[in-house]
Amino acid sequence: MNINPHLELSNLLKDLGVKPGDTLMVHASLRSLGEAMPADIVSAGLRRALGPEGTLAMPTLSYETVNAENPLFDTEETPSCVGSLSEAFRRQQGVVRSLHPTHSAAAIGPNTSDLLVGHEKDHTPCGEHSPFAILPKLGGRILFLGCDFTVNTMMHAVEEQVMPPYLLEEEPVDFILTDARGRQITSAVRCHSFKGYVQRYDRLESLLPEGAIKRGQLLAADCMLVDAQAAWDAALAAIKKDPLYFVDKE
């Protein structure tokens, strides 16, 4: 008898530790699951594991195509540049995307508004109104599905608490942002720099306290489920002590 793929994925996610009612930010490599797993199956499995009371979120970053040369961002039309699952998810019915030119996120579920509303107020990529800064406050967790800490967007929000010298460009870019209703605003945002530096967010893993990370397997993918507040606290303590802790010079 064939197993419903949504149900199979949901059960595997529950075995990993995903709970109904969680607020979950997912970083994923769809290819890591193996056998050309469709994005809609993965999203459905995630939503089933979270249940109707849970909130599913994903980064939908667009910094590769939205920049000083092309300062136009549209929540409905601008593609995500961080993977096929992210791009497919943002297009699904009922999914909402935050209004930010380079570092938006998309979500569906009861905590969507708490996560996303107000991101356009930030004049940096991951400021205090960003979903990545708000996630820990909601008791959220981060799922790394077939990827590791090097893609952890929340780290930028941690960095913005300290503003290390490598982080931002000096001059802001005037972006034109179009929301889901077609309304436009102009927002001056200082984009990321990192000139002369390489990100080393993998160093966070060794700083996490016991119990803050769960490891497991989802089909062919190695996965990690991480408590966002514990990760935030550990990363912030490290970067306050050494502003260059999470980078190496090129």
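Structure values in brief
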quantity: Long-range neighbours under 8 Å by Cβ, at least six apart or interchain, first residue in contact (Cβ under 8 Å) with a residue 40 or more places away in the chain and among the β-branched types (V, I, T) within region 157-174, second in a loop (DSSP other than H, G, I, E, B) and open to solvent by 10 Å² or more (accessible area, probe 1.4 Å); calculated: V162/P243; V173/N67; V173/A68; V173/P71; V173/R190; V173/C191
quantity: Given (1) assigned to a helix (DSSP H, G or I); (2) open to solvent by less than 10 Å² (accessible area, probe 1.4 Å), index of the condition L143 fails; calculated: (1)
quantity: Qualifying positions in region 178-216 - out of contact with any Phe, Trp or Tyr (no Cβ under 8 Å at 6 or more places or on another chain) and within 18 Å of C126 (Cβ to Cβ); calculated: R190
quantity: Options V96, V158: the member that is hydrophobic (A, V, I, L, M, F, W, C) and open to solvent by 10 Å² or more (accessible area, probe 1.4 Å); calculated: V96
quantity: Residue check for L72: crowded, with 20+ Cβ neighbours inside 10 Å and either under 17 Å from L30 (Cβ atoms) or in contact (Cβ under 8 Å) with a residue 12 or more places away in the chain (or both); calculated: no
quantity: Region 210-250, residues that are part of a loop (DSSP other than H, G, I, E, B) and modelled with pLDDT of 95 or more; calculated: A212, D242, P243, L244, Y245, F246
quantity: Y201 modelled with pLDDT of 95 or more, closer than 30 Å to S10 by Cβ, surrounded by 12 or more Cβ atoms within 10 Å (Cβ to Cβ) and among the aromatic types (F, W, Y); calculated: yes
quantity: Residue pairs meeting the criteria (Cβ under 7 Å; at least 6 apart or on separate chains; first without any contact (Cβ under 8 Å) to a residue 12 or more places away in the chain, in region 230-250; second assigned to a helix (DSSP H, G or I) and among the β-branched types (V, I, T)); calculated: none
quantity: Test result for H129, surrounded by fewer than 20 Cβ atoms within 10 Å (Cβ to Cβ), outside any strand (DSSP E or B) and without any contact (Cβ under 8 Å) to a residue 12 or more places away in the chain; calculated: yes
quantity: So T186, is it of a type in the set (S, T, Y) and free of Cβ contacts under 8 Å to residues at least 24 places away in the same chain; calculated: yes
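The values are calculated or read from the model by the stated rules, or taken from the named source; none is laboratory data. Keep in mind that this is a model prediction, so the values were computed, not measured. With ideal geometry, Cβ positions are generated from the backbone for all residues, glycine too; neighbour counts draw on all protein chains shown. Protein only, heavy atoms only, side chains kept; ligands, DNA and RNA dropped before computing areas. Shrake-Rupley method; radii C 1.70, N 1.55, O 1.52, S 1.80 Å.
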